[in-house]
Amino acid sequence: TKINQSRQTVSVKNLKSNQDTEVSYDKLILSSGVTPNALAVPGADLENVFLMRGYDWATKIKAKLADDNIKNVTIVGAGYIGIEAAEAAAKAGKQVTLLDVISRPLGTYLDAELTDILSNELATRGVKVHTNIEISEFCGHNGQVEWVKSKQGNFPSDLVIQATGVKANTNWLRGTVDLDERGWIKNDPYLRTNLSNVYALGDATLAYSVAADKKMPIALATVARREARYIVKHLFEKIPTTPFSGVVGSSALSVFSYNFAQSGLNSFTAHRAGININSSYYEDNLRPAFIPKDKGNTKAYTKLF
């Protein structure tokens, strides 16, 4: 619940026994992660309006996808998690609608040449994609969701899965650890916070992007692991020898037969970072031309920045 810097202890509440204790530390590593965003609209508390992050939510969603009473599944948010949820729901035989407030799925991750291919793949698999959607309410009767209301129309929904981004799980640190205006933990090039002997890593912090030459939110498990290895290696140095070298931010995703990987900056992240870039688009077969398409010689699409 809080850090007591003067005593070098952490106040801890056991949620099962309701008991409060203090745990002492010589070194403290914060990795408090993030929590999923819920849309601030009426009806978010209706039954079968779910969030999507972590084992507990995934278990609930998996059970609903096996329920024959659930026919129409609406997913709000077409980022990585929303796209994966759409695939899972479609494979479970549901009628799937994917909604996003921006103009195309995965628009913050990939440029249009690549997301156009993804949109065609989703349509082929029966996923209805609606973009530039402004949701105003989750609606239903008897406490259970039945449709999603938007300025662009209504969408029948037996199950709604919200995958609309995350926020730093750092409210408990306010007034103790320095945070930025959005709640991300501030740390230095050695991943130290403003408190002596207290470090911070992972999704609740901004990671140093080598490509952008500045700190950015890069919520990937691979980033957290690299930061953890760095901290453990340098934890007991009285004078830090080398700063954390930073990350490029590489990730990959498979959706039906569509596969992609991306690394560094794209047009969206470069614009957000205030960096001018050039780009080059290229496509070719995955393997040499003499290998038939039905033997795995599919198209490969590349965009370099």
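Taken together, the values in this text are just the output of simple stated rules run on the coordinates, not laboratory data. This is a predicted model, so every value here is computed, not measured. In this analysis, Cβ positions are derived from the backbone assuming ideal geometry, glycine residues included, and neighbour counts consider all displayed protein chains.
Evaluated with a Cβ-only charge set (Lys, Arg +1; Asp, Glu -1), the range 167-305 carries a dipole of roughly 200 debye about its Cα centre, given to the nearest 20.
Please state the relative contact order of the range 251-304 as a whole percent: Cα pairs under 8 Å, 6+ residues apart?
Numbers: 46 pairs, mean separation 13.8, N = 54.
Contact order relative to length: 26 percent.
Ranking Ala300, Tyr55, Thr205 by Cα position along the charge dipole of the chain, where only Lys, Arg, Asp and Glu carry charges on their C-beta atoms, puts Thr205 farthest toward the positive end.
Once fully extended, how much extra length lies between Val23 and Asn297, figured as 0.36 nm per residue of separation less the alpha-carbon to alpha-carbon distance?
On the way: separation 274, 0.36 × 274 = 98.64 nm, distance 5.75 nm.
Full extension of this stretch gives 92.9 nm more.
Largest GNM mean-square fluctuation among Ile291, Ile133, Ile277, using the chain with Cα springs under 10 Å: Ile291.
Which GluC sites (Glu not before Pro) in the range 164-268 pass both tests, a DSSP loop state and at most 14 other beta-carbon atoms within 10 Å?
Those that pass, being in a loop and sparsely packed, are Glu181, Glu237.
Here the gap between Thr1 and Arg287, fully extended at 0.36 nm per residue and compared with their Cα-Cα distance, gives a gain of 97.5 nm.
Assigning unit charges at the beta carbon (Lys, Arg +1; Asp, Glu -1) and nothing else, what dipole magnitude in debye, to the nearest 20, does the chain show about its Cα centre? Please report the intermediate quantities before stating the final value.
Details: 35 positive and 30 negative charges, 130 e Å.
Dipole of the chain, to the nearest 20 debye: 620 debye.
When the helices of the chain are scored as -39500 (n - 2.57) per DSSP H run of n ≥ 4 and the total is divided over every residue, the value at 222 nm lands at -5500 deg cm²/dmol.
Since only Thr74, Leu173, Ser24 are under comparison, the one whose Cα sits farthest along the positive direction of the charge dipole of the chain, derived from C-beta charges on Lys, Arg, Asp and Glu, is Ser24. Only residues of the range 37-78 count here: report those whose backbone N is under 13 Å from the spot 7 Å along Cα→Cβ of Phe268, or say none. Correct set: 77-78.
For the chain, calculate the relative contact order in percent as a whole number, restricting contacts to Cα pairs under 8 Å that are 6 or more residues apart. Don't jump to the answer; show the numbers that get you there.
Values: 553 pairs, mean separation 51.6, N = 305.
About 17 percent, as a whole number.
Using only Cα atoms, locate the centre of the range 209-234 and the centre of the range 132-199, then give the distance between them in Å, rounded to an integer. Comparing the Cα centres of the range 209-234 and the range 132-199, I get a distance of 21 Å. Under the simplified labelling scheme, the Leu304-Leu15 pair shows an inter-label distance of 4.8 nm, with each label point 7 Å from Cα along Cα→Cβ. Neighbour counts of C-beta atoms inside 10 Å place His271, His141, His130 in the sequence His141, His271, His130, starting with the fewest.
Considering the zone a paramagnetic label at Trp57 would reach in this model (a point 7 Å from Cα along the Cα-to-Cβ line), which residues of the range 179-205 have amide N under 13 Å from it? Within reach of a label on Trp57: no residues.
Placing +1 on the Cβ of every Lys and Arg and -1 on the Cβ of every Asp and Glu, with nothing else charged, gives the range 251-304 a dipole about its Cα centre of roughly 40 debye.
So, R0 is 35 Å and r is the distance between the beta-carbons of Ala40 and Lys186; what FRET efficiency does that work out to, to 0.05? It would help to have the intermediate numbers written out before the result.
Numbers: r = 26 Å, r/R0 = 0.75.
With R0 = 35 Å, the Cβ-Cβ based efficiency is 0.85.
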